[in-house]
Structure formats: C-alpha cells, structure tokens
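Beneath this line is the structure, given in structure tokens, with notes to follow.
No lab work stands behind these numbers, since they all come straight from the coordinates. Bear in mind that the values here come from a model prediction, so they are computed numbers and not experimental data. Glycine also receives a Cβ, built like all others from the backbone with ideal geometry; neighbour counts cover every protein chain displayed.
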Amino acid sequence: MERHNELFSFAKANETDIYTVVTRRRKDFTLDFFQHLELLYQASYQQPDQQNDIANIAQKCAAAVEAYDKTEEEEEAVVAAQMKFEDILNSPSLDIARNKIDELAKRNELDSTLMLMITKAWAASKESSMMKEEAKDILYHLYMVARGNMQRLVPKDVRILRHVLTLKDPKEQLAALTEAFSPGAELEGKDVDLLYTTPEQLYKWIVIVLDAYYNNQKNSLMKSAQELMSPSTIGRLEALKRTLEKQFL
C-alpha cells in the first residue's frame with residue numbers, strides 16, 4: 001500500500017509529464033495499483049475535490065499505460081516481422097520462400113505488419129533503377145503469395161460482402177447474392193474467388209458489423225470486418241440487409 005501511495009504521489013507531482021513517469025516505472029503500474037486508487041476514491045466520498053483529483057490522476061495514468069503498451073506491442077511486432085521477412089528473403093530458392101509464407105499463414109503468423117513490410121519492399125523496388133528486374137520479379141511474386149494468403153485468412157462471408165458492396169447497380173448486387181447462395185465447387189485463386197454461403201450466414205455478418213458500428217464497438221471485430229465499418233459503407237450495408245430480408249429470408 002505504501003508503494004502504491006508513493007507512486008500515486010509521484011504521478012500527481014508529475015501530472016504534466018505522466019507518460020515519462022509511466023515509461024520509467026511501467027512495472028509499478030499494476031492492476032493492484034489501480035485497484036488501490038479505486039479504494040482511495042471510494043474512501044474520499046465526503047471530499048468531492050479529492051475524489052476528482054484521484055479520478056483525474058487515475059485516468060491519465062491508465063491512458064498513458066495503454067499508450068505505452070501499444071507502442072511496445074507495435075515495436076515488438078515490427079521486430080518480429082523484420083526477422084520473418086529477412087528469413088524469407090534469405091531462402092535459397094523462390095519455392096522455399098513461398099513455402100515459408102504459406103507456413104506463416106497456416107500458423108496465423110502472416111500479420112498485417114509483415115504484409116506491410118513486403119508491400120513496401122515491392123513498391124520500393126518498382127521505383128528503383130538500381131535493382132535488377134529479376135529481383136523485382138521475386139519481390140512481386142512474394143507480394144502476390146503473401147497477399148493471396150492474407151486474403152484467404154479473411155472469413156469468406158466478409159469477402160463476399162466486400163465484393164457485393166463494390167457493385168453499384170442493385171441488379172448486379174442481386175445477381176451476385178443469388179450466385180453466392182447457389183452451392184457449388186468453391187475456388188480460391190489469384191485472380192478470382194468462387195465462394196458460397198447461405199443467406200442466414202451472410203445476414204448474421206451484416207448484423208454483427210452494424211451492431212458493432214452503432215454500439216461503438218469496432219475493436220470487437222476482426223480487422224477484416226472493421227474495414228466494413230466506414231460511414232460510407234454502413235448505408236450500403238443497411239440497404240443490403242433490407243435486400244436479404246426481402247428477397248432471401
């Protein structure tokens with residue numbers, strides 16, 4: 001308790017530079033510390049000014065801790081992605097490099113940080129006049145392999161929704177939905193996907209996205225579904241929901 005009180009006093013004395021305090025003493029900002037502040041807050045119920053003071057410091061500490069942890073996670077993700085990318089580039093053959101990407105995808109280790117790194121490398125190679133065409137082709141091939149794997153990690157219903165939402169004409173949307181609800185052999189390729197689902201399953205995904213949007217719970221969705229939550233897309237999702245209700249459910 002004494003340690004928590006000391007940390008609270010130190011944070012209060014350095015309120016304008018709270019992020020530096022967290023950076024220096026992150027390990028001390030434990031769950032026990034914040035629970036201690038909650039007890040202090042409750043014990044000060046007869047002193048509103050003191051309560052507000054405690055709540056203000058606690059809020060700033062929590063925000064600084066969250067920002068610090070997020071930065072640490074991002075830095076760790078970059079380091080991990082760099083190691084994976086270097087391992088891929090150091091492969092003795094293109095086939096082995098491609099297999100490494102496939103294996104990363106199977107283990108759910110082909111994340112957005114690594115994908116961005118591969119994309120930037122390929123984009124930079126296109127603009128370079130010093131890189132050999134063979135090297136550019138290799139980077140492009142690795143980019144396409146990684147992109148294909150990332151695409152396959154996205155739930156097929158989300159991929160179907162993405163496709164349907166790109167269609168402006170309601171008749172084209174209806175035709176695409178009808179095709180998606182007609183069972184057949186599924187095909188996942190570099191240039192085209194033939195995916196099938198049910199009206200109920202697609203409707204469920206639309207409801208999930210809309211509920212998350214209207215309840216301000218974006219982080220409750222996987223990243224691929226979060227991309228459907230832009231204000232310009234929500235209106236089209238609502239219209240698509242009505243189409244499903246009217247035509248297929």
Radius 13 Å from Cβ of residue 107, net charge of other residues (Lys, Arg +1; Asp, Glu -1) = -1
query = For the stretch 1-109, rounded, prolate or oblate, judged on the Cα gyration tensor with a ≥ b ≥ c (square roots of eigenvalues), a/c < 1.5 rounded, else prolate if a/b > b/c?
reply = prolate
inquiry  = Looking at the chain as a GNM with Cα springs under 10 Å, which of 81, 239, 121 has the largest mean-square fluctuation?
reply    = 239
query = Can you pick out the pairs among 84/126; 156/204; 171/246; 204/246 whose Cα atoms lie more than 19 Å from each other?
reply = 84/126
task = Grab the Cα-Cα distance for residue 62 and residue 135, subtract it from 0.36 nm times how many residues apart they are, and report the gain in nm with one decimal.
result = 21.6 nm
request  = Evaluate the distance, in nm, between pseudo-label points positioned 7 Å from the Cα of residue 26 and of residue 70 along their respective Cα→Cβ axes.
outcome  = 1.4
message = When a/c reaches 1.5 or more, the comparison of a/b and b/c decides; with that in mind, is the stretch 88-141 rounded, prolate or oblate per its Cα gyration tensor?
response = oblate
query = Summing +1 for each Lys or Arg and -1 for each Asp or Glu, what net charge is found among the other residues whose Cβ lies under 15 Å from the Cβ of residue 89?
reply = +1
request  = Return the aspartates and glutamates within reach of residue 136: Cα separation strictly under 17 angstrom, same-chain partners fewer than 8 residues apart disregarded; answer none if there are no such residues.
outcome  = 86, 95, 127
remark   = Within the set 208, 54, 96, GNM on the chain using Cα springs under 10 Å gives the largest fluctuation to 54
query = For residue 6 and residue 247, what does the FRET efficiency come to when R0 = 51 Å and r is the distance between their Cβ atoms, rounded to the nearest 0.05?
reply = 0.20
ask   = Residue by residue, what Karplus-based ³J(HN,Hα) values in Hz, rounded to whole numbers, does the stretch 60-77 have, using 6.51, -1.76 and 1.60 with θ = phi - 60° and x for Gly and Pro?
value = 5, 5, 4, 5, 5, 5, 4, 5, 5, 5, 5, 5, 4, 5, 5, 5, 5, 5
ask   = About its Cα centre, how strong a charge dipole does the stretch 91-153 have in debye, to the nearest 20, once Lys and Arg get +1 and Asp and Glu get -1 at the Cβ?
value = 140
inquiry  = Using amide H atoms built in the peptide plane, which far-off residues or other-chain residues are under 5 Å from residue 110 H to H?
reply    = 105
